[in-house]
Structures are given as structure tokens and as C-alpha cells.
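Notes follow once the structure below has been shown.
The values are calculated or read from the model by the stated rules, or taken from the named source; none is laboratory data. For clarity, every value in this text was computed on a predicted model and none was experimentally measured. Positions of Cβ are generated from backbone atoms using ideal geometry, with glycine treated the same way; all protein chains shown enter the neighbour counts.
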């Protein structure tokens, strides 16, 4: 598991004054990208140089409590299932100040050759990163 | 059921050149808002004047085929289940030019008093709108 | 001159409840893109197939009156100056319901070969489009 | 003067693969907000609790060199002019890795009572923050 923290920004709330619900998936994506910081060039090099991506094929979200401008979100991410071409990531979103659970998310990604736009076997170093974050089934 | 069409905008793609996956939920939200065009002042008046919102409590997405800048998305939305305080909406996202299925989504919303930030019974006119779009179980 | 109208969306307001000021430039870009609808494939084909872009080199904005969720913005765009490699566009943003001026903008773009990432002479059809929208100096 | 650094995110590039130009103003806003970190509750408390905002009335930008996904932007912000109700901020955007200048910006804000939506005298603590970042004329 790894965690990132990031403030809810001024322009990320909606007309109801709450973090726009679609942005939870963007926050999740930031947390997933952070997993790859340990690779040379990180997630950007994976996408732009090696042309390997991890697009979502499925996502399930439960929203528990809203986040607002001024809140800092803490996002915990782990890998729940790891295959040869795909992985399922799990996320918990909390308000950092008091730990209140804001949302949970499950996110299935498929390793993709961005030139061919076709699924491909996960490169060994990518798979090793995900394997290091593989969580016991009961964690999330 | 109702449908909206909207182009994928220049700034809505990601560094892989594809519509950023989190934005499917934003597109879904636009389609849901369009259901309320028949009410006086539409969805904005519901949110800003009557202070009634429909925040998501759950969302399930399957991503089938990417959309790109230059594509027009067609989003079909129907109501799959209608309760006193909540509703489940169903969406199909297609590339308008050829009808290719890009994604499907299920989206459960709870009618919420935005002042109290607490769930509330759906106002009759809101429920009537959703009821008119209630789909046979087999549609989506 | 040409005009587009587009509603301010639920997620485009900021924590002060106003259209986030940075998005005026995004709206301007939409209006500029609309100028090229008359070309085969429109602005997307220019960017993605012909790999010709019009990135901004300068922008000057004056903000007069805020826009809110529920407002529809009308954006008038014209070309104020047309060179061989660059053009200056002028914009007026109004609230469509009553014509109140929300903002004005000047936007200088340089025709760019997106493969070489270097300025280039404007293709004749691109220049012809801009020339048709060249405004008398006094218009904006 | 103060500085922030922030990576260009995966979803912040446009279909030309460059940081979408409208987002420079969003980055500038983040840097301005950071100036107020020293106040109790920071910029969010100013907006949400005290209902005092600093909306833009004018902005002038020059774009020198694009930023891309994988780049980290460094934004230097200073105050160039300080009045009783308004201030002019100056920004320089650089690619953090090598210091290449990406853009410069001038941003005039007016202190605003967000309840009355009318300009107001700057609260002393807000003005004091801006005064501490007042730059010699020659800096930017």
C-alpha cells in the first residue's frame, strides 16, 4: 500500500460546493501513478517513452462523505489482484484532518501498448511494482 | 430514456491521447442534468434555488473502447430503479459517428437537502421526471 | 465574426460559486475551434491529422462580470490581425440571457508544426478561414 | 516572492500533447493561494469562512515554451503593485528540471466581499501578506 495526500483545489468543487464526484477517479489515478515513482522517469516515462499505459476497463465507487475546498484528501492505494495483463487496484479516500472515510474505489486496469492500442503482457518491472503493493484480501 | 451528444474537447484528452476516463462520469452527469431541462430553471434552479441535489452514492463503470478528440460522444441515459429518496441511472456511451460502445455506467444518486447536507424525500416534480425515464429492466 | 453559446457547467464553478476565471480561456479556445468547422474534419483534423496547431503566444483578458452555473455564455470571436504565421483573435463573453458583458479577451496564436514543434507558415485554407472573420478595427 | 512546484498531470495536457494553455492561470491561482498559507486556515478560510475573495479583473500572459506531462512546473509569484482594494501579481513559470521559462503572467485582483459580490477594502492581514511579497519593480 502507498498513500498520497493532496488538497482539494479551489476549482475542483461543483456548484453544490462539494468536490465534483468525477474527480475522485482523477485523484485515484494520481495515487496509482505515484506507485510508479520508483521506476526511472516514473509514470510519465512509462506513458510517453515506453508507450505503455494502464487504462481502466472497470471502476466501482462508493461515495460516503463529501470533501470540500480546504480539505486535504488522503488516498490509500493497494493492489487487490494481479494478473499477467491486468490488475485490480483498491482505494480508500479519507479527509486527512480527521480520517473520515470519503469514498472507496475498485479500479481494474489492463496493460496496453499505446502504439497498437491493444492489451499486452505487463513488463516485468511494472508487474514487480504492483506486486510489491499487493494487499492481503482483507485489507480494503 | 433521453440522449445527449457532445464533442470530446481538445483539453479533455490525457497524455495517452484518449478521453480521460474520469470524465465519463462528468459526461454522465451532463446527461442526467439534461433530464431536468423540463423543470422551470432546469437542473441549475434545482441546485441553486431549491437547494436540492442528487449526489452520487455509488457508481459502476465499464470501459469498452476509447474516445478521442474529434469524436462526438452520444450518451443515452435512463432510470433503472426509482425509490423515494434514491434512484439508479443507467448510461451507455457511444461514438456518435458509428455507434461503437465506449462505456456503460450505473449511477446511484440520493436526493439531498444541500443546506442540511442530508438525504430527503424526492420532491414530486423531480420524482415525476425520473419516473418518465424509467426503463424496462432489459433496456440497458 | 462567429458566435458560440455554451452553458456554464456544474463542475466549472469554483469555491466562490463563480465560473473559474481560467476557464474563460478554455471557452475562447472552443470559439476559435468553431471557426474551423468549415474545413474537412474541422479543428480536430487540423490538430491530429495534419498536425498543425495554433498555440497561444500571448493572451490579455479583462473580467467584467462573473458567470455562474445556470448561465449560458455567448462568445463572439473575430480576427483582429492576420499575419503569415500568426493571428490575433478578439473575444467578447456575454451572459446570453441579457447580454451583460462578462469578459473580453485578446489571443495571439502562432501557426505551429506540431511534429517539429516550430512555427510554420499558415496553410492557405487555414488563413482563408481566419481572413473571412477578419474584423474592422473598431468592432471589438 | 514565493514559489511552488507542481507536476503537470496526466489529464492536464491537450490533444496536442502540451499543458493546456488555460491551465497556466489555474497554476497561477495555486501559487497566489499559497501566499495565504500563513493566515489561519489559509486561502480556503478566507473564501469560505470570511467570504473574502480575490477575483481577477485583468490578466496578461505570454507563453514562451510548452510544458508537458512529466514536467514539473515551478511558479514564482510576487506582488508588483498593492492598492487598498486591488493588487497586481506577477508570475514566472519555469520547467523545474532546467529552469527554462515557460510563461510569464500579470494578474490583477480586486478584494471582494463574496456575500455582497462587491469590491471591499482589503482586510489588514490580507494586505500584510501581499505587502510582504511586494517586489522591487525590476524583479519580474
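What number of residues within segment A:21-32 are under 9 Å from the mean Cα position of the chain (by Cα) and farther than 11 Å from residue A:2 by Cβ?
Number of matching residues: 6.
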*Of the residues D:80, D:50, which single one is modelled with pLDDT of 95 or more, more than 26 Å from residue A:41 (Cα to Cα) and assigned to a loop (DSSP other than H, G, I, E, B)?*
D:50
_If residue D:86 satisfies all but one of (1) in contact with a strand residue (DSSP E or B) (Cβ under 8 Å, 6 or more places away or on another chain); (2) touching a residue at least 40 places away in the same chain (Cβ under 8 Å); (3) within 29 Å of residue D:45 (Cβ to Cβ), what's the number of the condition it fails?_
(2)
_Single condition residue A:93 does not satisfy, out of (1) under 13 Å from the mean Cα position of the chain (by Cα); (2) surrounded by 19 or more Cβ atoms within 10 Å (Cβ to Cβ); (3) over 30 Å from residue D:39 (Cβ atoms)_ = (3)
_Of residues in segment C:20-57 being touching a residue at least 40 places away in the same chain (Cβ under 8 Å) and out of contact with any strand residue (DSSP E or B) (no Cβ under 9 Å at 6 or more places or on another chain), the one surrounded by the most Cβ atoms within 10 Å (Cβ to Cβ)_ = C:36
*Hey, among the residues in segment A:83-96 that are out of contact with any helix residue (DSSP H, G or I) (no Cβ under 9 Å at 6 or more places or on another chain) and part of a strand (DSSP E or B), which one's farthest from residue A:133 (Cα to Cα)?*
A:95
*Mind listing just one residue for me: the one in segment A:107-126 that is touching a residue at least 24 places away in the same chain (Cβ under 8 Å) and in a loop (DSSP other than H, G, I, E, B) and, of those, nearest to the chain's Cα centre (by Cα)?*
A:111
*asked:* Here is a list: B:26, B:96, B:73, B:87. Which entry is more than 12 Å from every other protein chain (Cβ to nearest Cβ) and under 30 Å from residue D:70 (Cβ atoms)?
replied: B:73
*Specify the residue that is surrounded by the fewest Cβ atoms within 10 Å (Cβ to Cβ); the eligible residues are those in segment D:1-19 that are more than 18 Å from residue D:130 (Cα to Cα) and away from chain A (no Cβ under 13 Å).*
D:5
_Being more than 15 Å from the chain's Cα centre (by Cα) and within 23 Å of residue D:53 (Cβ to Cβ) is the requirement here; does residue C:18 meet it?_
yes
*Could you list all residues from segment D:58-68 that are surrounded by 23 or more Cβ atoms within 10 Å (Cβ to Cβ) and within 7 Å of another protein chain (Cβ to nearest Cβ)?*
D:59, D:61, D:63
